[in-house]
1. Working carefully through the options SER15, SER31, SER64, find the one that is open to solvent by less than 100 Å² (accessible area, probe 1.4 Å) and free of Cβ contacts under 8 Å to residues at least 12 places away in the same chain.
2. Could you tell me which of the residues GLY44, GLY19, GLY30, GLY49 is farther than 23 Å from ARG199 by Cβ and among the small types (Gly, Ala, Ser)?
3. Quick one: would you say PHE211 is part of a helix (DSSP H, G or I), modelled with pLDDT under 85 and loosely packed, with under 11 Cβ neighbours inside 10 Å?
4. Is it the case that ILE6 is more than 27 Å from VAL143 (Cβ to Cβ), of a type in the set (A, V, I, L, M), outside any helix (DSSP H, G or I) and open to solvent by 60 Å² or more (accessible area, probe 1.4 Å)?
5. For the stretch 32-48, enumerate the residues that are modelled with pLDDT of 75 or more and in contact with a Cys (Cβ under 9 Å, 6 or more places away or on another chain).
6. Quickly run through the stretch 128-153 and pick out the residues that are within 25 Å of MET114 (Cα to Cα), surrounded by 15 or more Cβ atoms within 10 Å (Cβ to Cβ) and under 14 Å from the mean Cα position of the chain (by Cα).
7. Take PHE106 and tell me if it is closer than 30 Å to ILE201 by Cα, of a type outside the set (Gly, Ala, Ser), open to solvent by less than 60 Å² (accessible area, probe 1.4 Å) and modelled with pLDDT of 80 or more.
8. Residues in the stretch 154-173: is at least one touching a residue at least 12 places away in the same chain (Cβ under 8 Å), open to solvent by less than 40 Å² (accessible area, probe 1.4 Å), in contact with a helix residue (DSSP H, G or I) (Cβ under 8 Å, 6 or more places away or on another chain) and of a type in the set (A, V, I, L, M)?
Amino acid sequence: MLVFVICIYFSKYGSMKLGADDDEPEFPSGSWFCMLFACGLGVGLFFYGVGEPVLHYTSINRYSADRFMRDNELAQSAMTVTIFHWGLHGWVVYTLIGMALAFISFRKGLPMTMKSCFYPMVGDRIYGWMGNLIDILSLITTVFGVCTSLGIGTVQLNSGLREIVPSLEKTLTVQVVIIWVVMGIATFSVLSGVGSGIRRISEICFGVGMFLLIMIFMMDDPWF
């Protein structure tokens, strides 16, 4: 998939607009990047960015099973696997779906649903049971993905708040409250529209995340 996307980028189709020929971008590139990052990989990357390399480094796997692998080589292998999961190979899935939906919707005038991506293969049958099945499966898998991000984000928030407020226990009740607060903010951002809610919250989240990242590098003894 990565090779396919690279070939598309350098082909004659790389300069084609995913919209009408006279359309202009609705938001600056920086705002688009913040929205894609926050909505696509934000929670997972901040959670697994630390958790995954530690897991590969400390758990039993094919790298740690090698008795002749030195400690620094094991650490490098853990980082290599993590970068493979969260680097270009992770983003290429979003890129393919984005290209397919944008092309079929803005250039061909079809509904912006997953079933429309299958129109070149099955034609008008996307408007029958086949198309409905595709949309249902897409919706279910999307819900699973969102629930996973919400779940790990809730646990992470609960753990972080406990470090700040030691009296705050890591309990199901606290996590349910966090879920309701997060859902309330997400609902407000959606109702406010992409330009006002999702865009501004994504920019704030990305800015705060980068601030924390810089602080970790600059502060002494980053125990957290």
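The values are calculated or read from the model by the stated rules, or taken from the named source; none is laboratory data. Only a predicted model underlies this, so the values are computations on that prediction, with no experimental measurement involved. With ideal geometry, Cβ positions are generated from the backbone for all residues, glycine too; neighbour counts draw on all protein chains shown. Ligands, DNA and RNA are excluded from the accessible area calculation, which covers all protein heavy atoms including side chains. Shrake-Rupley method; radii C 1.70, N 1.55, O 1.52, S 1.80 Å.
1. Working: SER15 fails: open to solvent by less than 100 Å² (accessible area, probe 1.4 Å); SER31 fails: free of Cβ contacts under 8 Å to residues at least 12 places away in the same chain.
Testing whether each residue is open to solvent by less than 100 Å² (accessible area, probe 1.4 Å) and free of Cβ contacts under 8 Å to residues at least 12 places away in the same chain leaves just SER64.
2. Matching residue, one of GLY44, GLY19, GLY30, GLY49: GLY49.
3. Details: part of a helix (DSSP H, G or I): yes; modelled with pLDDT under 85: no; loosely packed, with under 11 Cβ neighbours inside 10 Å: yes.
No: the conditions fail for PHE211.
4. On the way: more than 27 Å from VAL143 (Cβ to Cβ): yes; of a type in the set (A, V, I, L, M): yes; outside any helix (DSSP H, G or I): no; open to solvent by 60 Å² or more (accessible area, probe 1.4 Å): yes.
No.
5. Scanning the stretch 32-48 gives CYS34, PHE37, ALA38.
6. SER149, LEU150
7. When the stated conditions are applied, PHE106 does not pass them.
8. Scanning the stretch 154-173, I find no residue that is touching a residue at least 12 places away in the same chain (Cβ under 8 Å), open to solvent by less than 40 Å² (accessible area, probe 1.4 Å), in contact with a helix residue (DSSP H, G or I) (Cβ under 8 Å, 6 or more places away or on another chain) and of a type in the set (A, V, I, L, M), so the answer is no.
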